[in-house]
Every structure is written in structure tokens, then in C-alpha cells.
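Below is one structure, written out as C-alpha cells; the observations come after it.
The values are calculated or read from the model by the stated rules, or taken from the named source; none is laboratory data. The structure presented is a predicted model; accordingly, all values stated were derived computationally and were not measured. Methodologically, a virtual Cβ is constructed for each residue, glycine included, from the backbone with ideal geometry; neighbour enumeration extends over all protein chains shown. Surface areas here come from the heavy atoms of the whole protein model, side chains and all, with no ligands, DNA or RNA. Shrake-Rupley method; radii C 1.70, N 1.55, O 1.52, S 1.80 Å.
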Amino acid sequence: MTRLHLVRHGPTHAKTMVGWSDLPADLSDHAAIGRLQSYLPANGLLISSDLCRAVDTASAVQGTRHRLPHHPDLREINFGSWELRGFEEIEAEDPELTFAYWDNPGEVRPPNGESWNEVRARVNAVIDRLIGDHTGQDLIIVAHFGVILTQVQRAMDVDAQEAFGHRIDNLSVTEITHHGDGWSVGRINHCP
């Protein structure tokens, strides 16, 4: 049994689509970070996406936990040409594509970006490697909204639309357990 503690990085306060852009996290809420650090398993192995908002959040909650190298496959969705643009602007430019991307996640992709299914395949592969390399341990994975939802979808065996119905707040923890032959979901979007 391997437990995943999926932590969403601290807020960027951006009002645009932020995927692979390397924006910093606001980690000024020391009380929330302290509660999160205390809540996470003390013996957990810590890993993060290689984007600074995840790396810095991981550093803020690390304490004495062992840290694994950052992993680029734990990055957020690659929004391509939509990156750092507002939703209204994107929707005005191509309302059909925008609607298709969010209403029926799967093979639809933003221009020069990746589809939901590509994100899932990328994240599933790195999670599978982590579970294989660290079976039976607690893994604290500091990553992004989309990354966390890929694992919620996988563990709950639901479609993407249902997975997108879950709220994932900054500095929240989503707990998923891999039992070797299946998954179980604990808390989703828990804010200690």
C-alpha cells in the first residue's frame, strides 16, 4: 500500500491560464503552511514539479522529510498559445475550441498545448514509477490543479468532466492510496 498526499502549490494570484509558465507562489500565509507541514506524514518522501511555485511550496513544508529530485512530468497542463491569457480573451478568439476543451476533456488541445489525455498519460507514468520505486511509503507530491485531478480521475475511475467537478484549492491535500491492485480515495481538497 502506497499513500499519495497530493498537495497543490501556494497561490500565484494570476488571473490568467497558468500552465508551464514559471510564476512564483505566494507563501506568505505562514499559518496555513505550518498547518500543512504538521498535517503531512513526518516520514513521507517529498517530490515536486520543477516549476518554482511547486518547488518553493515543497521547500516550505519539507521540514526533516527526505526530498526527491523535482520532476518535470509533474508540471501543470501545457496550455500552449493560451498560456498567460485570460479565459474571456481565449473564448472570444475561438469559442468552439474553448467550449470543447473544458466541456469534453480528452483529445481536444489548445493550440500548441496538450490534451487532457496527454496530461493524464504523462502524470500517470511518473506516478507509476514513483509507486514502483517507493512501494509501501507515503509520497508527498507538491504539484498543480491538473496533476491532482488526473489522479482523482484515475483513482475514482470517473470521466474527466466528473473529475473537473472537484475543487482543488491552493495549499490543499488530496489523499489517494494505491493498494497494488486498485485505488481508494480519502480526502479531496482538505485544507488543514
Exercise for the section: Calculate, for the chain, the solvent-accessible area per residue in square angstrom, rolling a 1.4 angstrom probe over the heavy atoms of the protein chains. Expected result: 45 Å²
Practice task
Would you work out if segment 71-117 is rounded, prolate or oblate? Take a ≥ b ≥ c from the square roots of the eigenvalues of the alpha-carbon gyration tensor; rounded if a/c is under 1.5, else prolate when a/b is larger than b/c, oblate otherwise.
Solution key: oblate
Handout entry: Charge tally in the Cβ shell below 13 Å around Asp128, where Lys, Arg are +1 and Asp, Glu are -1, Asp128 excluded
Key = +2
Exercise for the section: Please pull out the direction-averaged projected area of the chain, using the convex hull of its alpha-carbon atoms, in nm² to one decimal place. Expected result: 9.9 nm²
Practice task
Note down the relative contact order for segment 1-145 as a percent, whole number, built from C-alpha pairs under 8 angstrom at least six residues apart.
Solution key: 38 percent
Exercise for the section: List, largest first, the extents of the alpha carbons of segment 68-161 along their principal axes, each in whole Å. Expected result: 48, 28, 16
Problem - Contact order relative to length of segment 90-132, as percent, for alpha carbon pairs under 8 angstrom and 6 or more apart - result: 21 percent
Handout entry: Under-5 Å amide H pairs with Leu46, H placed in peptide plane, nonlocal only
Key = His66, Arg67, Leu68, Ile140
Exercise for the section: Per DSSP H run of n ≥ 4, the term is -39500 (n - 2.57); total these for the chain, divide by its residue number, and report the mean residue ellipticity at 222 nm rounded to 500 deg cm²/dmol. Expected result: -11000 deg cm²/dmol
Exercise for the section: Report the relative contact order of segment 60-144, percent, no decimals, based on alpha-carbon pairs under 8 angstrom and at least 6 residues apart. Expected result: 33 percent
